[in-house]
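**Q** Below is the structure I would like to discuss, written out as structure tokens.
The values are calculated or read from the model by the stated rules, or taken from the named source; none is laboratory data. In this text, all values refer to a predicted model and were calculated from it rather than measured experimentally. All Cβ positions, even for glycine, are placed from backbone atoms using ideal geometry, and neighbour counts span all protein chains on display. Ligands, DNA and RNA are stripped out before the accessible areas are found, and what is left, the full protein with its side chains, is counted by its heavy atoms. Shrake-Rupley method; radii C 1.70, N 1.55, O 1.52, S 1.80 Å.
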Amino acid sequence: MYTVADQLVEILEKAGVKRIYGIVGDSLNPITDALRRKKTIEWIHMRHEEVGAFAASAEAQLTGNLAVCCGSSGPGNLHLINGLFDAHRNHAPVLAIASHIPQSQIGVEYFQATHPEQLFRECSSYAELISEGSQAPRIVMTAIQHAWARRDVGVIVLPGDIADAPAEAGDLVHPPAFTRETVVPDHESVARLAQMLASHDRITFFCGGGCAGAERKVVQIAARVKAPIAYTWRGKDYFEHDNPLGVGMTGLLGWGDAYKAMHESDLIVMWGTDFPYFNFLPTKPAIVQIDRRGEVLGRRCRLDLGICGDVGAVADALLGMLEEKKDSEHLDASLKRHAKDVKDMNAYMDGNDKESPIRPEQVTTALNKYAAPDAVFTVDTGTPCIWSARFLCATLGRRTLASFNHGSMANAMPMAIGAQKAYPNRQVIALCGDGGLSMLLGDLITIVQYRLPVKLVVYNNDCLDFIQLEMQAAGLIPWQINLDNPSFAAVADAVGIKGFVLDKSSQVDEMVQAFLKYPGAALLDARVDRDAIALPPYISLGQAADFSLAMVKQTLTGEVKQVWNTLAGNRKLFKP
């Protein structure tokens, strides 16, 4: 009998789906059995459905293609939610198959009963229940089209008994329409932008991931109007390499002259970014925002002009309207300050005591030096974000994936699984916090089972480091942030991953090279200095006072050694 589950698999085949991440069982059995019989789509057996959703998100972001994850009824599909929120906020085209209790038992408090079509609505653009077989092809196709067209999550809720029922409406099984429109701006808005660029002298561009594919055009325009280019973390992949106008990042992870260049401008143009940290955006300059999603214009700051359009389409229209500017004073001053800021930021790379505690900056710089030019980096939320944003250099072929807008812990290792499955011959390096890796440790076994040559770096400092910084910045004594970690290298060895222990500064380069050259999966347990401080590009007087207050409180409560280690370990950051 040709079932709804068979029909679902056929639709996924026509959509070009290569694999599905999930855990088999219960209400999913009709679907997994259909996959077993067809043998055209690979099933990736995860240890936790959340990891599967993160892996699908990573695959979709890297390839641009539809990726799929699955969860069985009740707890199984609820585990998908965190990873799906990440896909939703990272604009990743992901289809989630949430299998469900029998249709006849919905509404009567059956075992594992939930309402997935309601639960997933906030992290998707489409979430619907298939209540009879004739609906299946239309709802599945609609979920796929939403995921693709809106670069978002589509969810189908499929009861097990419906999945096992005879298929209907076979004429609706067809390849999806994978097309993407170009949003063309109106001429008047682009002309007004050209006038604003001509009439202002101190212009700074602030660029995000929405510039992908059009970054060279934006750099060309910036060169014409003598504008330094600041960028978001998502924009780093596109604007850090081959860009003589780049001045780094602003925000909590910021570095370089981006913050100052933006605040000394009289005009800021935001290209393809919906940057959430409004307190890092200046309020005095004129501000223009360009985005293909008209609904995001002006929700972070006051706008003098909002343009709805693809960055590439706006740039094409604008290039023919601009004259070359002569005055480069603002650009030159920003680039000069930026060069000094980068030199200061690298204080722990040049002439550092090789037997002192390992600085996380050293480890990250070595990874940057020896990683492949087309490596994929996945980064945990927390201080690994800071070190990667500042010390991993983008190249034309490299990509960085993170939980950019959702900010979830434990995303790096799961994303590395999805990245490595999508690109089996590409170097994939996960930068993990010790707290993050601990949270979803079980899927190390998935890496072994599928023989994925993933490289895992653990910034092991025995604490929730970013939370410690947050508490100190608020004037609080750090509390309940200590971690009693195992040897992560020993854990890795126990499950079949090659473990490396890095505990001496003098070994950083040698150990990182050996780790990256290892032919299979490997884990680098880097025992980094827990007292290393990552300062944002701008600190208010209030924040400085709160940090000092936290130090005084720690001293008064007997934590003198901790305070001394913090100050001594970061002396280069506090030099006059």
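**Q** Does residue 82 meet the test of being in a helix (DSSP H, G or I) and within 20 Å of residue 379 (Cα to Cα)?
**A** Considered against the rule, which asks whether it is in a helix (DSSP H, G or I) and within 20 Å of residue 379 (Cα to Cα), residue 82 comes out as yes.
**Q** When you scan the range 492-502, how many residues do you find that are in contact (Cβ under 8 Å) with a residue 12 or more places away in the chain and open to solvent by 40 Å² or more (accessible area, probe 1.4 Å)?
**A** 4
**Q** Confirm whether residue 313 is surrounded by 14 or more Cβ atoms within 10 Å (Cβ to Cβ), at pLDDT 95 or above and closer than 18 Å to residue 197 by Cβ.
**A** In short, yes.
**Q** Determine the pairs where a residue that is in contact (Cβ under 8 Å) with a residue 60 or more places away in the chain, located within the range 433-446, has a partner that is of a type in the set (Phe, Trp, Tyr) and crowded, with 24+ Cβ neighbours inside 10 Å with Cβ atoms under 9 Å apart, the partner being 6 or more residues away or on another chain.
**A** As it stands, the answer is 440/54, since those pairs meet every condition given.
**Q** Counting only residues that are of a type outside the set (Lys, Arg) and in a helix (DSSP H, G or I), how many does the range 206-251 have?
**A** The number of residues fulfilling the criteria is 14.
**Q** In the range 242-256, how many residues are polar (S, T, N, Q) and surrounded by fewer than 24 Cβ atoms within 10 Å (Cβ to Cβ)?
**A** Residues meeting the conditions: 1.
**Q** Here's a check for you: in the range 466-488, which residue that is within 25 Å of the chain's Cα centre (by Cα) and hydrophobic (A, V, I, L, M, F, W, C) is modelled with the highest pLDDT?
**A** The selected residue is 488.
**Q** Test residue 488 against the stated conditions and say whether it is in contact with a helix residue (DSSP H, G or I) (Cβ under 6 Å, 6 or more places away or on another chain) and not charged (D, E, K, R).
**A** no
**Q** Please pick out the residue among 563, 491 that is of a type in the set (A, V, I, L, M, F, W, C) and either at pLDDT 95 or above or under 25 Å from the mean Cα position of the chain (by Cα) (or both).
**A** Criteria check complete, one pass: 491.
**Q** Any idea which residue in the range 159-181 is nearest to residue 105 (Cα to Cα), counting only those that are open to solvent by 30 Å² or more (accessible area, probe 1.4 Å) and not in a loop (DSSP other than H, G, I, E, B)?
**A** Only one residue tops the list, namely 161.
**Q** Evaluate the following for residue 259: is it in contact with a Gly (Cβ under 8 Å, 6 or more places away or on another chain), open to solvent by 10 Å² or more (accessible area, probe 1.4 Å) and either among the basic types (Lys, Arg) or not in a loop (DSSP other than H, G, I, E, B) (or both)?
**A** Answer is no for this residue.
**Q** A further question on this structure: Looking at the range 372-387 only, could you name the residues that are open to solvent by less than 10 Å² (accessible area, probe 1.4 Å) and modelled with pLDDT of 95 or more?
**A** 375, 376, 377, 378, 379, 380
**Q** Out of the range 26-62, which residues are under 15 Å from residue 8 (Cβ atoms) and of a type in the set (Gly, Ala, Ser)?
**A** 27, 34
**Q** Among what's in the range 103-125 and is open to solvent by 40 Å² or more (accessible area, probe 1.4 Å) and in contact with a strand residue (DSSP E or B) (Cβ under 6 Å, 6 or more places away or on another chain), pick the residue that is modelled with the highest pLDDT.
**A** It comes out as 121.
**Q** Can I ask one more? Taking the range 132-146 only, how many residues are over 27 Å from the mean Cα position of the chain (by Cα), of a type outside the set (Asp, Glu) and open to solvent by 40 Å² or more (accessible area, probe 1.4 Å)?
**A** Residues flagged as over 27 Å from the mean Cα position of the chain (by Cα), of a type outside the set (Asp, Glu) and open to solvent by 40 Å² or more (accessible area, probe 1.4 Å) within the range 132-146 amount to 2.
**Q** Please go through the range 262-280 and pick out each residue that is more than 17 Å from residue 327 (Cβ to Cβ) and of a type in the set (S, T, N, Q).
**A** The answer is 273, 279.
**Q** If you don't mind, there's one more thing I want to ask. If residue 288 meets every condition in (1) touching a residue at least 40 places away in the same chain (Cβ under 8 Å); (2) open to solvent by 30 Å² or more (accessible area, probe 1.4 Å) apart from one, which number is that one?
**A** (2)
**Q** Is there any pair with a first residue in the range 87-112 that is of a type in the set (Val, Ile, Thr) and a second that is in a helix (DSSP H, G or I) whose Cβ atoms are under 7 Å apart and which are 6 or more apart or on different chains, and what are they?
**A** 94/56; 94/57; 94/60; 94/84; 94/87; 94/147; 97/31; 101/27
Table: residues versus (1) in a helix (DSSP H, G or I); (2) farther than 22 Å from residue 407 by Cα; (3) open to solvent by 10 Å² or more (accessible area, probe 1.4 Å); (4) of a type in the set (D, E, K, R).
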{"position": "9", "(1), (2), (3), (4)": "yes, yes, no, no"}
{"position": "16", "(1), (2), (3), (4)": "no, yes, yes, no"}
{"position": "33", "(1), (2), (3), (4)": "yes, yes, yes, yes"}
{"position": "58", "(1), (2), (3), (4)": "yes, no, no, no"}
{"position": "70", "(1), (2), (3), (4)": "no, yes, no, no"}
{"position": "91", "(1), (2), (3), (4)": "no, no, yes, no"}
{"position": "98", "(1), (2), (3), (4)": "no, yes, no, no"}
